[in-house]
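This report refers to the structure that appears directly beneath it.
The values are calculated or read from the model by the stated rules, or taken from the named source; none is laboratory data. Given the structure is predicted, the values throughout are model-derived calculations rather than measurements. All Cβ positions, glycine included, derive from the backbone under ideal geometry; neighbour counts span all protein chains shown. Only protein heavy atoms, including side chains, enter the accessible area calculation; ligands, DNA and RNA are left aside. Shrake-Rupley method; radii C 1.70, N 1.55, O 1.52, S 1.80 Å.
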Amino acid sequence: MPRLGFLLDPSKNSLFYLVLFMTFIVLGLTASEALSGRYSIIGSVASFLGLFVAFQSWKAADDASRNTEKALTQMQQLAEETRQLVERSTTVEEQIKAAVVTISDATRELYRGFQPILLAMRNFLEESKDSEYLALMTDSAAIGTFYARHHRPELNQREMRVLTDQIHDLLLARARDAREFYLATLAADTPAGSQHPTLDQYGRLHHFVQGVWQQFHPEAPVSGEIWEEHREEHLATLRQIEETFQTLSEHRQQRAAGLGPHQQVPVLPLQLFLRFDAEAHEPLRALVVFLGQYNLDRVADARAMQTTDPELVRAFISMFESLTSLDDNAAYQQLRREFPL
């Protein structure tokens with residue numbers, strides 16, 4: 001809104017108009033003297049009061065106009081701030097949507113069913129050749145064998161045996177060529193001299209195996225013969241991994257740090273296959289099998305996910321380090337400083 005000039009702006013020229021009014025009074029009095037009282041003092045005062053009232057009305061109208069303009073300006077500022085707030089809220093919402101899309105895009109495959117998951121495990125190990133870091137967390141070193149043999153409905157045993165043998169061979173190959181190799185499993189110890197140990201005396205692996213068995217055979221607990229067969233396969237695989245690690249492996253830094261290939265976990269919330277290879281097109285990769293001690297009721301409907309999202313994979317690596325207590329191991333932490341993931 002254009003502003004008034006000096007003479008028409010009552011906020012700037014009040015003194016000018018006061019002098020003007022006083023001049024009018026003097027002129028009125030002078031005229032009254034000259035006209036022998038025909039123009040009275042009362043008329044002069046009335047003229048002054050009229051001019052003064054007119055001036056005050058004008059000034060009040062100008063102040064109201066100014067206040068209205070100021071209010072309009074404040075309303076415009078408030079509208080602008082509201083618009084900016086809406087834009088920021090929209091931006092945050094778009095960022096959240098983008099994060100969800102990023103995770104969705106990073107999820108390469110979703111697997112349902114035991115055989116597709118075993119195929120994904122085999123492919124993961126096959127593609128992890130010469131990795132800088134390979135960490136696996138599963139129930140048993142004899143990966144997939146217990147499920148394959150005792151799954152209900154029954155699976156094709158010939159196909160399953162070929163598949164689990166391939167996983168076994170690839171596991172030993174990765175124990176040989178990865179710079180760092182870690183396999184974390186549940187404990188399978190049985191007290192020495194216990195011919196018939198109670199349930200609480202068995203290791204954590206037995207509890208897991210029992211839970212899997214009950215899902216397929218709810219009518220009876222797992223027999224001692226079946227448990228011992230699986231336990232021996234697990235221990236035999238661990239011995240082979242240890243031998244490969246000590247005699248044929250490329251784990252100079254890991255061995256120098258005094259870190260063995262086998263770690264034990266007290267709980268198994270899910271199963272993880274984690275890989276880091278700086279020279280790969282996608283350095284970080286994870287295969288997550290949503291099957292653990294807390295959801296054994298979903299054994300018949302096993303699910304898995306593969307992702308290459310760096311932050312998501314690093315979160316799973318942190319979970320692995322925490323469950324195996326490697327994050328409290330000074331030698332391991334020194335390796336991470338020398339070879340960050």
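Hey, can you tell me all the residues within region 171-189 that are among the aliphatic types (A, V, I, L, M), surrounded by fewer than 20 Cβ atoms within 10 Å (Cβ to Cβ) and within 16 Å of residue 132 (Cα to Cα)? Write out each step before concluding.
In the first step, residues of region 171-189 are kept if they are among the aliphatic types (A, V, I, L, M); the result is 171-173, 175, 178, 183-184, 186-188.
Those left that are additionally surrounded by fewer than 20 Cβ atoms within 10 Å (Cβ to Cβ): 172-173, 187.
Matches in region 171-189: 172, 173.
Pull up region 238-253, narrow it to residues that are at pLDDT 90 or above and out of contact with any helix residue (DSSP H, G or I) (no Cβ under 7 Å at 6 or more places or on another chain), then point me to the one that is surrounded by the most Cβ atoms within 10 Å (Cβ to Cβ).
238
With the requirement that a residue be farther than 21 Å from residue 123 by Cβ and touching a residue at least 60 places away in the same chain (Cβ under 8 Å), what does region 293-324 give you? Break it down into steps so the answer makes sense when it comes.
Quick first cut of region 293-324, residues farther than 21 Å from residue 123 by Cβ only: 293-301, 311, 314-315, 318-319, 321-324.
Correct list: 293, 296, 297, 299, 300, 301, 323, 324.
Taking region 299-311 as the search range and keeping residues that are assigned to a loop (DSSP other than H, G, I, E, B) and farther than 21 Å from residue 152 by Cα, which one is farthest from the chain's Cα centre (by Cα)?
First, pick out the residues of region 299-311 that are assigned to a loop (DSSP other than H, G, I, E, B): 302, 308-309.
Now drop any that are not farther than 21 Å from residue 152 by Cα, which leaves 308-309.
On the way: 308: 14, 309: 11 Å.
Checked region 299-311; the qualifying residue farthest from the chain's Cα centre (by Cα) is 308.
Name the residue that is surrounded by the most Cβ atoms within 10 Å (Cβ to Cβ), counting only residues in region 205-237 that are among the small types (Gly, Ala, Ser) and part of a helix (DSSP H, G or I). Please lay out each step first, then the result.
Looking only at region 205-237, we keep the residues that are among the small types (Gly, Ala, Ser), and these are 211, 220, 223-224, 236.
This time we only want the ones that are part of a helix (DSSP H, G or I), so: 211, 224, 236.
Numbers: 211: 18, 224: 11, 236: 13.
Here the answer is 211.
Can you confirm whether region 322-331 contains a residue that is within 24 Å of the chain's Cα centre (by Cα), loosely packed, with under 14 Cβ neighbours inside 10 Å, of a type outside the set (Phe, Trp, Tyr) and within 23 Å of residue 117 (Cα to Cα)?
Scanning region 322-331 turns up no residue that is within 24 Å of the chain's Cα centre (by Cα), loosely packed, with under 14 Cβ neighbours inside 10 Å, of a type outside the set (Phe, Trp, Tyr) and within 23 Å of residue 117 (Cα to Cα).
Which one of these does residue 295 not meet: (1) within 20 Å of residue 148 (Cβ to Cβ); (2) open to solvent by less than 30 Å² (accessible area, probe 1.4 Å)?
The single condition residue 295 does not satisfy is (2).
Checking the condition surrounded by fewer than 18 Cβ atoms within 10 Å (Cβ to Cβ) and over 24 Å from the mean Cα position of the chain (by Cα), which residue from 256, 315, 278 passes? Working first, answer last.
Numbers: 315 fails: over 24 Å from the mean Cα position of the chain (by Cα); 278 fails: over 24 Å from the mean Cα position of the chain (by Cα).
Going through 256, 315, 278 in turn, the sole match is 256.
Does any residue in region 141-165 that is exposed (fewer than 12 other Cβ atoms within 10 Å of the Cβ) come within less than 8 Å, Cβ to Cβ, of a residue that is modelled with pLDDT under 85 and assigned to a helix (DSSP H, G or I) six or more places away or on a different chain, and which pairs are these?
152/300
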